[in-house]
1. Dipole of the chain, Cα-centred, from +1 at each Lys and Arg C-beta and -1 at each Asp and Glu C-beta, to the nearest 20 debye?
2. Give me the Å³ per residue figure for the convex hull around the C-alpha atoms of region 243-399.
3. With bins 10 Å wide starting at 0, give me the P(r) of region 167-224 over every alpha carbon pair, in whole percents.
4. State log₁₀ I(q)/I(0) for region 207-324 at q = 0.12, 0.13, 0.21 Å⁻¹ as given by the Debye formula over alpha-carbon point scatterers of equal weight, solvent excluded.
5. Towards the positive end of the charge dipole of the chain, with charges on Cβ (+1 Lys, Arg; -1 Asp, Glu), say which of ALA291, PHE304, TYR156 has the farthest Cα.
6. Can you give me the P(r) profile for the chain? Cα pairs, bins 20 angstrom wide beginning at 0, each as a whole percent.
7. So if each residue of separation counts as 0.36 nm, and I subtract the Cα-Cα distance between LYS360 and GLU277, what length gain in nm does that give?
8. Once the Cβ-Cβ distance between ASN248 and LYS60 is put in as r, and R0 is 41 Å, what FRET efficiency do you end up with, to the nearest 0.05?
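The values are calculated or read from the model by the stated rules, or taken from the named source; none is laboratory data. Since we're looking at a predicted model, the values are computed, not measured. Virtual Cβ from ideal backbone geometry, glycine too; neighbours counted across all protein chains shown. All accessible areas refer to the heavy atoms of the entire protein, side chains included, with ligands and DNA or RNA removed. Shrake-Rupley method; radii C 1.70, N 1.55, O 1.52, S 1.80 Å.
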Amino acid sequence: MKRPTGRRLTVTAMTVAGLVVGATACSSGGGTSSSQAADSGSYTVWDPYPQFAGDSAWVKLLDGCGSRAGVKVERRAFDTTDLTNKALLAAQQDNAPDVLILDNPVVSTLAEAGVLTTTDENKVDTSKVDPNLLAAGQSGGKTYGTPIGANTLALYYNKDVLTEAGVDISSVKDWKSLTTALDKVRKAGKKGITFSATGTEEGSFQFLPWFWGSGAKLTELDSAQGVSALSLWRDWLEKGYAPDSVINNTQTTSWQEFASGEYAFAENGTWQLAGAEKAGFDYGVLPIPGADGGSAAAPTGGEFVTVPVQGDSGRYATTRKLVSCLTSAENLYDTDTTLSYVAPTAGVRAKQTAAKPELKPWVDAVKAAKGRTSDDLGTRYPRISEQMWKAVQSALSGSQSPKGALTAAQDAVE
């Protein structure tokens, strides 16, 4: 398949082909594969769900959508990072899949590379998708796909630990009241809060709700608001409210600490819901509070269904049928339930909470969430994020003050 002139891979995109933006419950491991379809009756779908075998509900959905469109679906599954690299290479070789399902921060990378069509071009309907979730797939004022679902971060809390410490969870509304609760927990001989501040994208992913919750912007890492967020975390470590292990914690090891039953709070995501139900203690979920109250914007995880550029524009009509089927209200509900995602549309979310009321805090968190590449950051985000997690590491280790660490980070970005 030949690519139209004027839609070529950019050098910038090729240099960021190895971008790792995981940190959101994306799957890993070996994948299934099939050869790229050559005949017009076959359409290729690439996804980041290698955990789903050929007999899974996900693959049956793909096959069903193919049948409804009158074509055969050839599916390939990759690890998230591998998928990005393979997609760039395929586009360079004029052999892109018809449908490409991507971790949302990667969308802007491939869009700026000229790999993806816009929704204006492919006519995919995004009218029912929440604007804050759709923004993760936008670049330069254009939209390059539609979200299949979203996950994000919130605070899990151990009701038994809080009760023993005399903390009423309804009193936790902002940073001050949360810190007061942590102080009560520590004085009661319990452990406060655990999170991931590791020196990778996971560390930035977990710091962002506090950074954004302060009112800070990613274009000005060293603002007074940003410094206040990093100072909050550092103060928690210095006062023993959070363990020193957070510096090396991944989201998985942080969760393991909370699952021990010793901690009052843990910052983690929707993907830990099954683990929470098996933890053996009564838990609740609270949206991460902003500095002065309300829900902080947490970063969105989850994937976008996108349509790569094809030399034969006649394929787009059938591709649109496949995308519409995959993201229909009925199928979104089943898929998002399987993935532990919150739906990107109000109608499907209402169905989710009716079936499972405990999802309500997550729905609230997703409503307030924000894409990491939003604000038209696009491919600038990975560089900003790298300097952010380095600043977090420097401040929490004590090698620099929060102000000094973030100033150095902003200088490096510029």
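1. Dipole of the chain, to the nearest 20 debye: 480 debye.
2. Per-residue hull volume (Cα only) is 165 Å³.
3. Reading upward from the zero bin: 20, 38, 33, 8, 0.
4. Log10 of I(q)/I(0), two decimals: -0.63, -0.69, -1.26.
5. Highest projection toward the positive end goes to PHE304.
6. Histogramming the chain at 20 Å steps yields 28, 55, 17, 1 percent.
7. On the way: separation 83, 0.36 × 83 = 29.88 nm, distance 1.57 nm.
Gain on stretching LYS360 to GLU277: 28.3 nm.
8. Efficiency at R0 = 41 Å is approximately 0.50.
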